[in-house]
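Peer 1: Below is the structure I would like to discuss, written out as structure tokens.
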Amino acid sequence: MKKYDHKKIEKKWQEEWEKQEIYKTSDDLTKKKFYTLVEFPYPSGTGVHVGHAKGHNAVDVYARYKRMNGYNVLIPMGFDAFGLPAENFAIKNKKHPSEFTQENINNFIKQIKKFGCSFDWSRTIDTTDPKYYKWTQWIFLKLFEMGLAYEKEAPINWCPSCKTGLANEEVINGKCERCDSNVEQRNMKQWFLKITEYAERLIKDLDDVNWPEYIKTSQKNWIGKSEGVEIEFNVSAEALAKAEKITVFTTRLDTIFGCTYVVLAPENKIIDNLKSSITNISEVEKYIEIAKNKKDLERTDLNKDKSGVKLEGIFAINPFNNEKLEIWVADYVLGSYGTGAVMAVPAHDERDMEFAKKYNLKSKIVISKKTGSIDSNYFELSEDEKLLSEMSAGNYDGRVCNSGKEFNGLTSEQARRIMLEKAEKEGFGKRKINYKFRDWLFSRQRYWGEPIPIVHCEKCGNVPVPENELPLLLPEVENYEPTGTGDSPLAAIDSWVNTTCPKCGCGAKRETNTMPQWAGSSWYFLRYIDPKNDKALASQEKLKHFMPVDIYFGGAEHTTVHLLYSRFWNKVLYDAGVVSVSEPYKRRVQHGLIAGEDGRKMSKRWGNVINPDDVIEQYGADTMRTYIMFMGPYSEGGIWSTTAINGVNRFINRVWLLQDKEISSDDDDKETITLLHKTIKKVGEDIENVSYHTALAQLMILLNHISSKEKISKNLFKTYLQLLAPFAPHITEEIWNNINPNNQSIHISTWPKYNEELIQEEDINFVVSINGKMRDIIKINKDKTQDDILEALQIKVDSVGNVDVHHTKLISYLEGQNIKKIIFVKNKMINFVI
RNA sequence: GCUGACGUGGUGGAAUUGGUAGACACGCUGGUCUAAGAAGCCAGUGGAGUAAAAUCUGUGCGAGUUCGAGUCUCGCCGUCAGCACCA
């Protein structure tokens, strides 16, 4: 047999498959569908990297397996092409970003095609194509119409280097996700999407999807649901024009009798209302000014010393016991969460404790571990430091004490319920749910994004661009550079900005901000279903048929960004009656990063980047695909190894050499048949579980076995090729055609079935152990009883445990011993306890 | 700090319900082929021990449950990921 020439053969089949259109998804809605998806790439100038190869090949293995199982598989590929690199390139080279984008897309297609994946290229999408973003804009109008898109002046995250606003999801540890610059706060009028309105459903519907638990937990943490109570404290002061109240949010109403002061965030507006009564107002204002000037990072640094100022001359009244409480302003309380005010209970909260210690404030224990018998009054914090630090740390539930007859002795949980009832009845408190995450900041001050289809009219306010005027095209602009003033480059094009109001016809101005990069990817999975439709984002019928995505492959970096945003958009479209499922992705599989050979993240800087093109050139796509899938569990990362890929290349070449075997018309021997059926079962199950590395290990075991045979049956050979076909599509197709000339492609052949009866081996390895230690293994027919085994071992045990043994290996262990017990597990083992 | 996951040879990693630990592969060692090398192919490969066996020991550390623990329970130690003053 000639050496396997991967260059020639892979090219030949890639062309042949494209010609025959064997991977084209049928629009026949009577066929059972299977929708496999992988995140679409951003077409960067540097081309594809091994991360793409990992995700694309993984989805392809799954798709090929499902296709061979008779499904009409949808496996599309497209490009998420709006974004800063193209824009930065445009700024530098004074060229339109679309030129650069198009070049990169073409290059990506060329490179990805070399992987040999079964993507249906006729469905390719590009988020920057006006025919595509027409529908991105259409969805925005839906959001606007439904009251889910609104404009508001608010402090937002601003990246000084990218010169644009950012969503909270794009800020990592106070830094811009893209460029790592420190993010600043700016007060700006911006567009927001009301994702918080969907918070509850975004949490609850996670119960219905097959996702790894850690992603669900991450999303839940990000949303940060917190159930608690808002309580109003009256403010008492000498000279107050009108009655004022401070509302606090707490999840620990059961500790309210332990409240010894109230803290306001520096941003809390109520301070203005109380101004006239605060005797040290200048000191307070000075503190607020300092706090405002602090960067977010400084304020949220846990290690920093807590600071604050007492508001002299005024008090808050605890509505439960009418105690007069000091009021403080301190920047450890966030203005953006809850009510911007908290009740401080130093004995049961670590942060309050730290603050109280610093300023020598009082504390009181109101939750006891035991029965509520602690009966102390206020005491100095220094008195029992150990006890206090124990109680304040974490969520300390126990029994209520020091809280009045009405409540003492209740469990924390009971107290929360009964106290809330009282608060509601007397009108100073109500149940409240807060979420950590914020509405999605949706406007960007950059050029290369979808224009927001809104017109600002002095008379009519914000008016949507009529649907029939979509797409609202990105205008040509002389300068792509962001202005940095908070205006996008679009604002400089007077002819575009000045327009007429679609409602009243008066002169009006266009919105000049663009959408963030996340917009196009928030719904792309819907467009693949019907990519050429110009009447709707996709036809209702097709959406109903193909949604949801059955399995979605991608990277771990999208856990709380893309995955959350796209779930939100899908739900909005579900509510709008556009899509028929409320969760877009039934199953999610995430993979870890492949690191360079030196163990570091692949980067030009380290010179450790592996380029898929080079790997394919050297070994072929089949070897690359198989190697990446064999590296280890798919969800884990891994370290690239040029020696390990050699091993896989050997495996592929040994498959090629199977053609040297004589093909026999006889059946294979029993052992081979058993192993074959075991392999069919395991490979199928492992692919379903995305445990590709163990499927391949099994295929290697079978190959090792048949390599030792002189002859193999045609059926065995064909089946083997089919099992390997999802991983190594080219070489299997070539051999398949060599042994079955003019047959249809292996990739649309029917996946082999296994016979459960043939898997059962007649002879099994039966373990004999003494006191749990393995001492011998005997080969014996299956389904033997304990007596059969004893007989086979030539062992007799009488009723009092005396043993008569002739089995040579066991004599030294059992002779003269008294058997206390025999444990027998059918078809597995027997254990003598002596 | 909190939450979650995980600790198995020189390396990547296997191991239904607790029942032969280390499958498969890399690497390494020896052999074969070769003028030589590369690539193949054959054999070996957790550690200790032996001429070879036998045997002992072994899944981060320490205890426990069990006839039997990589797997279950508790306590440490370590690694990774997410969150990070959210009251």
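Peer 1: Those residues that are open to solvent by 50 Å² or more (accessible area, probe 1.4 Å) and among the acidic types (Asp, Glu), I need them from segment A:119-150; list them, please.
Peer 2: If the condition is that a residue be open to solvent by 50 Å² or more (accessible area, probe 1.4 Å) and among the acidic types (Asp, Glu), then A:ASP129, A:GLU145 are the ones that fit.
Peer 1: Also: Are any residues in segment A:463-474 part of a loop (DSSP other than H, G, I, E, B) and buried (at least 16 other Cβ atoms within 10 Å of the Cβ), and if so, which ones?
Peer 2: Answer for segment A:463-474, where residues must be part of a loop (DSSP other than H, G, I, E, B) and buried (at least 16 other Cβ atoms within 10 Å of the Cβ): A:VAL465, A:LEU470, A:PRO471, A:LEU472, A:LEU474.
Peer 1: Just one of the numbered conditions (1) within 15 Å of RNA strand B (Cβ to nearest atom); (2) surrounded by 14 or more Cβ atoms within 10 Å (Cβ to Cβ); (3) more than 21 Å from A:HIS677 (Cβ to Cβ) is not true of A:LEU758; which one?
Peer 2: For A:LEU758, the failing item is (3).
Peer 1: Checking A:ILE215 against (1) under 26 Å from A:VAL342 (Cβ atoms); (2) touching a residue at least 40 places away in the same chain (Cβ under 8 Å); (3) within 10 Å of RNA strand B (Cβ to nearest atom), which test does it fail?
Peer 2: (1)
Peer 1: Enumerate the strands (runs of 3 or more DSSP E) found wholly within segment A:742-814, keeping only those where 3 or more residues are in contact (Cβ under 8 Å) with a residue 40 or more places away in the chain.
Peer 2: Those strands (runs of 3 or more DSSP E) span A:763-770.
Peer 1: Given (1) touching a strand residue (DSSP E or B) at 6+ places or on another chain (Cβ under 9 Å); (2) in contact (Cβ under 8 Å) with a residue 40 or more places away in the chain, where does A:GLY147 come up short, assuming only one miss?
Peer 2: Among (1) touching a strand residue (DSSP E or B) at 6+ places or on another chain (Cβ under 9 Å); (2) in contact (Cβ under 8 Å) with a residue 40 or more places away in the chain, the lone unmet condition for A:GLY147 is (1).
Peer 1: Take A:ILE452 and tell me if it is closer than 26 Å to A:ALA199 by Cα, at pLDDT 95 or above and under 35 Å from the mean Cα position of the chain (by Cα).
Peer 2: yes
Peer 1: Here's something else I'd like to know. Any residue at all in segment A:561-582 that is in contact with a Lys or Arg (Cβ under 7 Å, 6 or more places away or on another chain), of a type in the set (Phe, Trp, Tyr) and either in contact (Cβ under 8 Å) with a residue 12 or more places away in the chain or under 17 Å from A:LYS142 (Cβ atoms) (or both)?
Peer 2: For segment A:561-582, residues in contact with a Lys or Arg (Cβ under 7 Å, 6 or more places away or on another chain), of a type in the set (Phe, Trp, Tyr) and either in contact (Cβ under 8 Å) with a residue 12 or more places away in the chain or under 17 Å from A:LYS142 (Cβ atoms) (or both): absent.
Peer 1: Here are A:GLU10, A:GLU16: which of them is charged (D, E, K, R), surrounded by 19 or more Cβ atoms within 10 Å (Cβ to Cβ) and assigned to a helix (DSSP H, G or I)?
Peer 2: After ruling out the rest, the residue left standing is A:GLU10.
Peer 1: Next question. Can you tell me which of A:LEU703, A:LEU716, A:LEU675, A:LEU721 is within 30 Å of A:ILE764 (Cα to Cα), open to solvent by less than 20 Å² (accessible area, probe 1.4 Å) and within 15 Å of RNA strand B (Cβ to nearest atom)?
Peer 2: After ruling out the rest, the residue left standing is A:LEU703.
Peer 1: A:SER582: farther than 30 Å from A:CYS460 by Cα and open to solvent by 30 Å² or more (accessible area, probe 1.4 Å), yes or no?
Peer 2: Yes: the conditions hold for A:SER582.
Peer 1: Another question, then. Does A:PRO155 fit the bill of being in contact with a Ser or Thr (Cβ under 9 Å, 6 or more places away or on another chain) and closer than 18 Å to A:TYR447 by Cα?
Peer 2: Here the answer is no, as A:PRO155 does not meet what is asked.
Peer 1: Another one. Name the residues in segment A:306-357 that are small (Gly, Ala, Ser), surrounded by fewer than 20 Cβ atoms within 10 Å (Cβ to Cβ) and assigned to a strand (DSSP E or B), would you?
Peer 2: A:GLY313 - this is the single residue of segment A:306-357 that is small (Gly, Ala, Ser), surrounded by fewer than 20 Cβ atoms within 10 Å (Cβ to Cβ) and assigned to a strand (DSSP E or B).
Yes or no, residue by residue, for (1) closer than 30 Å to A:ASP439 by Cα; (2) within 15 Å of RNA strand B (Cβ to nearest atom); (3) modelled with pLDDT under 65; (4) touching a Pro at 6+ places or on another chain (Cβ under 9 Å):
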{"site": "A:GLU323", "(1), (2), (3), (4)": "no, no, no, no"}
{"site": "A:GLU326", "(1), (2), (3), (4)": "no, no, no, no"}
{"site": "A:LEU334", "(1), (2), (3), (4)": "yes, yes, no, no"}
{"site": "A:ASN360", "(1), (2), (3), (4)": "no, no, no, no"}
{"site": "A:PHE379", "(1), (2), (3), (4)": "no, no, yes, no"}
{"site": "A:SER389", "(1), (2), (3), (4)": "no, yes, yes, no"}
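Peer 1: Any residue in segment A:241-252 that is within 16 Å of RNA strand B (Cβ to nearest atom) sitting within a Cβ distance under 6 Å of a residue that is in a loop (DSSP other than H, G, I, E, B) and not hydroxyl-bearing (Ser, Thr, Tyr)? List the pairs, counting only those 6 or more apart or interchain.
Peer 2: So the pair list comes out as A:PHE249/A:GLY338.
Peer 1: Which of the residues that make up segment A:585-614 are more than 23 Å from the chain's Cα centre (by Cα) and open to solvent by less than 10 Å² (accessible area, probe 1.4 Å)?
Peer 2: A:GLY596, A:PRO612
Peer 1: Counting just the residues of segment A:549-579 that are within 16 Å of RNA strand B (Cβ to nearest atom) and in a helix (DSSP H, G or I), which one comes out most open to solvent (accessible area, probe 1.4 Å)?
Peer 2: Ranking the qualifying residues of segment A:549-579, first place goes to A:GLU557.
Peer 1: Collect the residues in segment A:619-646 that are exposed (fewer than 14 other Cβ atoms within 10 Å of the Cβ) and part of a helix (DSSP H, G or I), keeping them in residue-number order.
Peer 2: Correct list: A:THR642, A:THR643, A:ASN646.
Peer 1: While we're on this one: Could you pull out every one of the helices (runs of 4 or more DSSP H) wholly within segment A:181-287 that has 1 or more residues that are surrounded by 16 or more Cβ atoms within 10 Å (Cβ to Cβ) and more than 36 Å from the chain's Cα centre (by Cα)?
Peer 2: A:270-274
Peer 1: Identify the single condition in (1) among the β-branched types (Val, Ile, Thr); (2) open to solvent by less than 60 Å² (accessible area, probe 1.4 Å); (3) more than 38 Å from the chain's Cα centre (by Cα) that A:THR785 does not satisfy, given that it satisfies every other one.
Peer 2: Condition not satisfied by A:THR785: (2).
Peer 1: Sticking with this one: Among the listed residues A:ARG438, A:ARG444, A:ARG510, which satisfies the condition of being farther than 30 Å from A:LEU37 by Cα and open to solvent by 10 Å² or more (accessible area, probe 1.4 Å)?
Peer 2: A:ARG510
The values are calculated or read from the model by the stated rules, or taken from the named source; none is laboratory data. Please read all numbers here as calculations on a predicted model, not as lab measurements. No Cβ is skipped: glycine too gets one built from the backbone with ideal geometry, and neighbour counts run over all protein chains shown. Quick note on the areas: whole protein, heavy atoms, side chains included, nothing else; ligands and nucleic acids left out. Shrake-Rupley method; radii C 1.70, N 1.55, O 1.52, S 1.80 Å.
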